[in-house]
Amino acid sequence: MSGLLYLHGFLSSPASSKALAVRDWLAHHRPDIAFHCPLLSPHPSEAMVQIENLLNARPAERMSLMGSSLGGFWATWAAERYDLRAVLINPLTHGDILEPDYVDRPLANYHTGDTCVLTAADAALLRAAEVSSIARPDNYLLLAQEGDETLDYRLAVAKYAGCRQIIERGGSHGFDGFERHIPTAIEFLTG
């Protein structure tokens, strides 16, 4: 692996605490690994193009993926399409998450303050992008905490059955103490 594509969660950004922790850890411990973390569009059609463009622009650079929440959903989508390794942190597992709570109402990015309005077409595209079954379980490491207040960790445990999993009691959707797992995650991605 010579590059890591970190995919942040819904309405988040490259300024998320986990993205910054990974970036800083790589700079200190593995400067040979290029870190990429684009500001993903909340619109699925745009996010998919962003991810594909980034992966296709680096054919000589063997990329791995890391994604949190919706970023984990996108990491799974990309890992299956490009046969890449991925670390998933409290990932979104099903593409039906947008309706009804997030459609046709203004949503603000937690870090940038930028607003968007998602449509029923966005929700349909996210559902269509869902990976229904994992073809290459050896490509995945799942990190999940039972105390995730946003997503049911049991859905991730079931979806990624057969994949390497680290499941912790307690915690939160932000994955408490994530930093202590970065060395394990990078070892998995480079192994």
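A short reminder: the numbers here are calculations on the coordinates, not readings from a lab. Everything quoted here is computed from the prediction, not taken from an experiment. A quick note on method: Cβ atoms are made from the backbone with ideal geometry, for glycine too, and the neighbour counts reach across all protein chains shown.
Classified by the C-alpha gyration tensor, region 1-81 has an oblate form. Its axis ratio a/c, with a ≥ b ≥ c, is 1.5 or above, and a/b does not exceed b/c. Comparing 139, 56, 90 in a Gaussian network model of the chain (Cα springs below 10 Å), the most mobile by mean-square fluctuation is 56.
Trypsin sites (Lys or Arg not before Pro), restricted to region 86-191: which are DSSP loop and have at most 16 other Cβ atoms within 10 Å?
Numbers: sites: 127, 154, 159, 164, 169, 180; in loops: 169.
In loop regions of region 86-191 (DSSP not H, G, I, E or B), the sparsely surrounded trypsin sites (Lys or Arg not before Pro) are 169.
Dipole orientation for region 3-190: of the candidates 102, 47, 188, 188 has the Cα lying most toward the positive pole (charges on Cβ; Lys, Arg +1; Asp, Glu -1).
Provide the net charge surrounding residue 122, with neighbours chosen by a C-beta distance below 15 Å and charges set as Lys +1, Arg +1, Asp -1, Glu -1.
Local charge sum for residue 122: -4.
Is region 112-152 best put as rounded, prolate or oblate by its Cα gyration tensor, with a ≥ b ≥ c the root eigenvalues, rounded for a/c under 1.5, and otherwise prolate when a/b is larger than b/c, oblate when not? Here region 112-152 falls in the oblate category.
Each Lys or Arg adds one and each Asp or Glu takes one away; over the other residues whose Cβ falls under 9 Å from the Cβ of residue 142, this sums to +2.
In this simple spin-label model, placing a label point 7 Å from the Cα along the Cα-to-Cβ direction at both residue 24 and residue 120 gives a separation of 4.5 nm.
Sites listed here are chymotrypsin sites (Phe, Trp or Tyr not before Pro) in region 48-115 whose DSSP assignment is loop and whose Cβ has at most 15 other Cβ atoms within 10 Å: 110. Of all beta bridges that DSSP places with both ends in the chain, some 10 percent have antiparallel geometry. Taking the Cβ of residue 21 as the centre, find all other residues whose Cβ is under 15 Å away and add up their charges (Lys, Arg: +1; Asp, Glu: -1). With Lys, Arg at +1 and Asp, Glu at -1, the neighbours total +1.
Taking every C-alpha pair closer than 8 Å and separated by at least 6 residues, the mean separation divided by the residue count of region 68-146 gives a relative contact order of 39 percent.
Here the translational diffusion coefficient of region 3-190 follows from Stokes-Einstein with Rh set to the Kirkwood radius across Cα pairs; for 20 °C and 1.002 mPa s it amounts to 130 µm²/s.
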